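Everything on this sheet refers to the single structure shown next.
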Amino acid sequence: MITKALQDIRSQLPDNVQLIAVSKTKPIEAIQEAYAAGQRRFGENKVQEMVDKYEHLPKDIEWHFIGHLQSNKVKYIAPFVQLIHAVDSLKLLKEINKQANKNERVIDCLLQFHIADEQSKFGMNVKEAIALLTHPTAADMPHIRIVGVMGMATYTDDKEQIAAEFAQLKSIFDTLKAQCFAQDNAFKHISMGMSGDYAIAIEQGSTMVRLGSTLFGDRDYANV
Ligand SMILES: *Cc1c(COP(=O)(O)O)cnc(C)c1O
């Protein structure tokens, strides 16, 4: 099932779009099946769950943290996390820099933007991001590398609205690229698109889609 779903999705993805298999709530066996089918990038949104899975699974897996990350939990994932998708404050960035330093690493991060018309505590706007990026402390963080942006569209059937929101994220990316990262080739990612909207996200310039249910089946939160 998972193997087939992976093959289907891969055949649809352009070469420049990475597939993050969102394995949150799913058992180790499901990840092993995807791993056997060649998948190496997995996304989780709970710190403890990601640490447990990391410990039980092959070490060449790239672990992507895709949820809201509390500063006091960064230390648990800092030794191994590949990419933190949802950074939305200087406080969090500072803590990631500190924990990465302790682990003698540089940790890649994406800045999260609020593009949906739903209420959410998470995600910045462009002004806030530029304030963060130009803040003196941000210039002195050798253990983090900001490699792009991330966002989630509104949960709706309205495809035009979703396309407009993803286009907004692409435009935020372009603005930041021009204003803050013009000389920085590492700043190149736009993490957008989930099971329900990834085709639209790719049309709008996504470089990373985060797919859960379409690969692993529906999540059953009752068993977590
Ligand atoms: C759960 C989750 C996904 C995957 O959602 P699906 O609809 O199952 O593909 C993607 N991104 C984030 C941030 C998530 O929390």
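Quick note: the coordinates plus some simple rules give every number you see, no bench work behind them. Remember, it's a predicted structure, so these values are computed and weren't measured experimentally. Cβ placement follows ideal geometry from the backbone for every residue including glycine, while neighbour counts extend to all protein chains displayed.
Calculate, axis by axis, the spread of Cα positions in the chain along the three principal axes, and write the results as whole Å, longest axis first.
For the chain, the Cα extents along the three principal axes come out at 49, 43, 33 Å.
Just grab the label-to-label distance for Arg10 and Thr134, each label 7 Å out from Cα along the Cβ direction, in nm (one decimal).
Between Arg10 and Thr134, the label points sit 4.5 nm apart.
Only sites in a loop by DSSP and with at most 15 other Cβ atoms within 10 Å count here; which trypsin sites (Lys or Arg not before Pro) in segment 147-204 make the cut? Write down the numbers at each step before the final one.
On the way: sites: Lys159, Lys170, Lys177, Lys188; in loops: Lys188.
Filter output for segment 147-204: Lys188.
Would you list which lysines come within 21 Å of Lys177, measuring only between C-alpha atoms, while excluding same-chain residues fewer than 8 positions from it?
Lys127, Lys188
In deg cm²/dmol and to the nearest 500, what is the mean residue ellipticity at 222 nm of the chain if only DSSP H runs of at least 4 residues count, each as -39500 (n - 2.57), divided by the residue total? Mind showing how you got there, number by number?
Numbers: 10 runs with 92 residues, N = 224.
Taken over the chain, the calculation gives -11500 deg cm²/dmol.
If the reach is capped at under 17 angstrom between alpha carbons, list the lysines near Lys53, excluding any in the same chain fewer than eight residues apart.
In chain and number order, the partners are Lys24, Lys26, Lys73, Lys75.
Could you tell me how far the Cα centroid of segment 182-215 sits from the Cα centroid of segment 71-114, in Å?
20
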